[in-house]
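Below: one structure, written as structure tokens.
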Amino acid sequence: MPKRRKRGMSVIVFILLSLIVLVGSALFTAYSYLKEKYAGSAVAYSREAIRNLEPGSFEEKVAKSFYTEEEWNDILSNSIKIDPTIDNPAIDEDGIEIQHISGPTYEGYMMLVHNPEDVYVAVNPNMDNGQQAPSLEDYVRMNNAIGGINAGGFQDAGGHGNGGLAWGIVIHEGQLISGRMNEYLPVIGIDSENKLICTDMTAQQALEWGIKEAVTFGPTLISDYQVKFKDGDGDYPMLNPRTGIGQRGDGTFLLLAIDGRGPSSYGALYQDMVKIFQQYDAYMAANLDGGNSTAMIYKGDYVNTTVSMYGSRHLPTVFLVRGN
């Protein structure tokens, strides 16, 4: 009678192999989770998570393994990177540069307009009756402009405003288009010498100062090279899409659009905007209407990624750049 084979060893081997597979699967799952968390597709989230890690912790060591030492130090240093865009590496025939910028929680674009005479305000032609305003791309097309960004605030009840009515003071070609003469509000304007002025004043004062183009928003970030915005100021301290305008001492206008509310760009704080404008040597800079309104167009295309899937919102005012 043949002997029956012992099966004990094969059962033990099976159990050991099963344990190895389970442990390996658990380790792989943990590794994949940590890699996605600290070096995944949601770049802004990963950077913010890294900056909140406890120094010397196990998770910090794991997260650090996904980066070179230079990359790791860049994340921790909260540095701003400025790179020319691939399709516009230098000043073009219109005297314009577009540069890609990035920080720990945001990505965006800076448009440098080297001829200060080319920047001006365009106003909703239906402002008098409050009818729907154009979008940024409509303004660019209607005015044969080379580019532009959104500008001042507007009445936006329930977040569904049509941009028909501007908030505060609006001046265009030296004429008061919206607001009252004695109303004291933040003014972001361009005077007759094409200099950017950002301060609180009445419409009457603005006109007396020779301001020919202006909108209302804020806060002022930099004035005469001095930082005006202080931590804790402002009504919106969260990360958000941002739009801003500044000017260098040589007259170059700085038009800023920062993306937000997306996996690669959560958005920026006012403090981030200050650092960006300082990096560009701005002597004057201010925050414009951001959030869903943030938009930048150059040569017929949106440069940034707008929050709205339909592109720019309907806007009562925009800053445009004249084309040659």
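Below are the figures for this structure:
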read-out	value
Of residues in the stretch 81-106 being surrounded by fewer than 18 Cβ atoms within 10 Å (Cβ to Cβ), among the β-branched types (Val, Ile, Thr) and assigned to a loop (DSSP other than H, G, I, E, B), the one modelled with the highest pLDDT	91
Residue count for the stretch 164-202, restricted to those that are surrounded by fewer than 18 Cβ atoms within 10 Å (Cβ to Cβ) and touching a residue at least 60 places away in the same chain (Cβ under 8 Å)	2
Selection within the stretch 280-324 - among the acidic types (Asp, Glu), within 23 Å of residue 80 (Cβ to Cβ) and surrounded by fewer than 24 Cβ atoms within 10 Å (Cβ to Cβ)	281
Single residue of 53, 22 found to be over 30 Å from residue 268 (Cα atoms) and either modelled with pLDDT of 80 or more or hydrophobic (A, V, I, L, M, F, W, C) (or both)	22
Residues of the stretch 277-299 classified as assigned to a loop (DSSP other than H, G, I, E, B) and either closer than 25 Å to residue 220 by Cβ or out of contact with any strand residue (DSSP E or B) (no Cβ under 9 Å at 6 or more places or on another chain) (or both), total	6
From 253, 217, 277, 229, residue being within 21 Å of residue 322 (Cα to Cα) and in contact (Cβ under 8 Å) with a residue 40 or more places away in the chain	253
Failed item, numbered, when residue 246 is tested on (1) surrounded by fewer than 24 Cβ atoms within 10 Å (Cβ to Cβ); (2) at pLDDT 95 or above	(1)
Of the criteria (1) more than 19 Å from residue 116 (Cβ to Cβ); (2) at pLDDT below 95, which one residue 217 fails	(2)
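Residues are listed down the side, and each one gets a yes or a no for (1) of a type in the set (A, V, I, L, M, F, W, C); (2) in contact with a Gly (Cβ under 7 Å, 6 or more places away or on another chain); (3) in the same structural domain as residue 185 (by TED's automatic domain parsing):
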{"position": "213", "(1), (2), (3)": "no, yes, yes"}
{"position": "253", "(1), (2), (3)": "yes, no, yes"}
{"position": "258", "(1), (2), (3)": "yes, yes, yes"}
{"position": "288", "(1), (2), (3)": "yes, yes, yes"}
{"position": "302", "(1), (2), (3)": "no, yes, yes"}
{"position": "305", "(1), (2), (3)": "no, yes, yes"}
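The values are calculated or read from the model by the stated rules, or taken from the named source; none is laboratory data. From a predicted model like this one, the values you see are computed outputs, not experimental measurements. Methodologically, a virtual Cβ is constructed for each residue, glycine included, from the backbone with ideal geometry; neighbour enumeration extends over all protein chains shown.
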